[in-house]
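Read through the structure below, which is laid out as structure tokens, and then see the notes.
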Amino acid sequence: MAVDRDPLSLLMNMTAALNFYTAREYDRAIAQLEKVIEMEGNFPAAHSVLGCVYVQKQMYEAALVEYEKVLDLVKGAAPVEASVKVIMAQAFARRGKKSEAVKLLEDVAGVPASAYSLAGVYGALGDKDLAFEMLNKAYDEHDMQMVSLKVDPSLDDLRADARFAEIVRRVGLPIKA
């Protein structure tokens, strides 16, 4: 069977996968990401998002396998490697392996990392004050990931806190759906 490697098709399938992920339709996201990976097995974003889906499904070993694939694919690009290690830290934190999460964060110290992504890690570690400090920093830095604030599953640990609604308001996103 021939696999469609058309960039537009790849983008459309990846967009669908992201939509399923943010809608918390994780099984559909996995199926869509498997299509993307079949189309382009060396697409780091697909493996990264698949890892994030696995984290939400508490399939931590599978998530770490995907993140390791991403690290292999981006080897030598220090900022990208640091970003992957940050999301790996969140996987460890959600799994209850705080020391592994902290070690990964120490590994990337000194390399610019997304404050938005760090907020998810600190939320998973239970440090809400630091998580909101990072979200405020991401806001101040005009981090483009802030557009995902209302739908990103990695921030679910923070949603019940009144500070979350406040930052949503500051970003300019509607509070109510």
Output ³J(HN,Hα) for segment 162-170: one whole-Hz value per residue in order, computed from phi by the Karplus curve 6.51 cos²θ - 1.76 cosθ + 1.60 with θ = phi - 60°, and x for Gly and Pro. 4, 5, 5, 4, 5, 6, 4, 4, 4
So ASN19 and ASN42, fully extended at 0.36 nm per residue minus their Cα-Cα distance, gain in nm 6.2 nm
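May I ask you to work out the translational diffusion coefficient for segment 78-177 at 25 °C, viscosity 0.890 mPa s, via Stokes-Einstein with Rh from the Kirkwood sum over Cα pairs, reported in whole µm²/s?
Numbers: Rh = 13.5 Å.
Estimated via Stokes-Einstein, D reaches 182 µm²/s.
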If every Lys and Arg gets +1 and every Asp and Glu gets -1 at its Cβ, then about the Cα centre segment 78-177 yields a dipole, in debye to the nearest 20, of 340
Between the residues ALA113, ALA78, ALA101, the Cα farthest towards the positive end of the dipole of segment 68-177, that dipole coming from +1 and -1 charges on the beta-carbon of Lys, Arg, Asp and Glu, is from ALA101
Between segment 41-79 and segment 99-116, what is the C-alpha centre distance in whole Å? 16
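With +1 assigned to the C-beta of every Lys and Arg and -1 to the C-beta of every Asp and Glu, and no other charges, what is the dipole magnitude of segment 1-96 about the Cα centre in debye, to the nearest 20? Write out the running numbers ahead of the final one.
Numbers: 10 positive and 12 negative charges, 74 e Å.
Dipole of segment 1-96, to the nearest 20 debye: 360 debye.
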Taking N as the number of residues in segment 135-177, the ratio of its alpha carbon radius of gyration to 2.2 N^0.38 Å works out to 1.04
Expressed in angstrom and ordered largest first, the alpha-carbon extents of the chain along the principal axes are 51, 38, 28
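With runs of 4+ DSSP H residues as the only contributors, calculate the mean residue ellipticity of the chain at 222 nm using -39,500 (n - 2.57) per run, divided by the residue total and rounded to the nearest 500.
Values: 9 runs with 119 residues, N = 177.
Computed ellipticity for the chain at 222 nm equals -21500 deg cm²/dmol.
Please compute the net charge surrounding PRO79, taking Lys and Arg as +1 and Asp and Glu as -1 over other residues with Cβ under 15 Å from its Cβ. Could you put the intermediate results ahead of the total?
Values: positive: LYS75, LYS85; negative: GLU81, ASP107, GLU141, ASP143.
The answer is -2.
What is the dipole size for the chain, taken about its Cα centre, with +1 at each Lys and Arg Cβ and -1 at each Asp and Glu Cβ, in debye to the nearest 20? Don't skip to the end; give the middle numbers.
Details: 21 positive and 26 negative charges, 93 e Å.
For the chain, the charge dipole is close to 440 debye.
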Segment 1-73 - convex hull of alpha carbons, volume per residue in Å³: 77
Got a sec to turn the phi values of segment 128-138 into Karplus ³J(HN,Hα) couplings, 6.51 cos²θ - 1.76 cosθ + 1.60 with θ = phi - 60°, whole Hz, x for Gly and Pro? 5, 4, 5, 4, 6, 4, 5, 5, 5, 5, 4
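For segment 106-145, what does the alpha-carbon gyration tensor say about shape, rounded, prolate or oblate, given a ≥ b ≥ c as the root eigenvalues, a/c under 1.5 as rounded, and a/b over b/c as prolate? Don't skip to the end; give the middle numbers.
Numbers: a/c = 2.02, a/b = 1.06, b/c = 1.90.
Here segment 106-145 falls in the oblate category.
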Whole Å is fine, so just give me how far the alpha carbon centre of segment 135-177 lies from that of segment 10-31. 21
What list do you get for VAL53, VAL86 if you sort them by fewest beta carbons within 10 Å? VAL86, VAL53
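FYI, it's all coordinate maths here, none of it is from the lab. Please read all numbers here as calculations on a predicted model, not as lab measurements. Don't worry about glycine lacking a Cβ; one is built from the backbone with ideal geometry, like all the others, and counts go over all protein chains shown.
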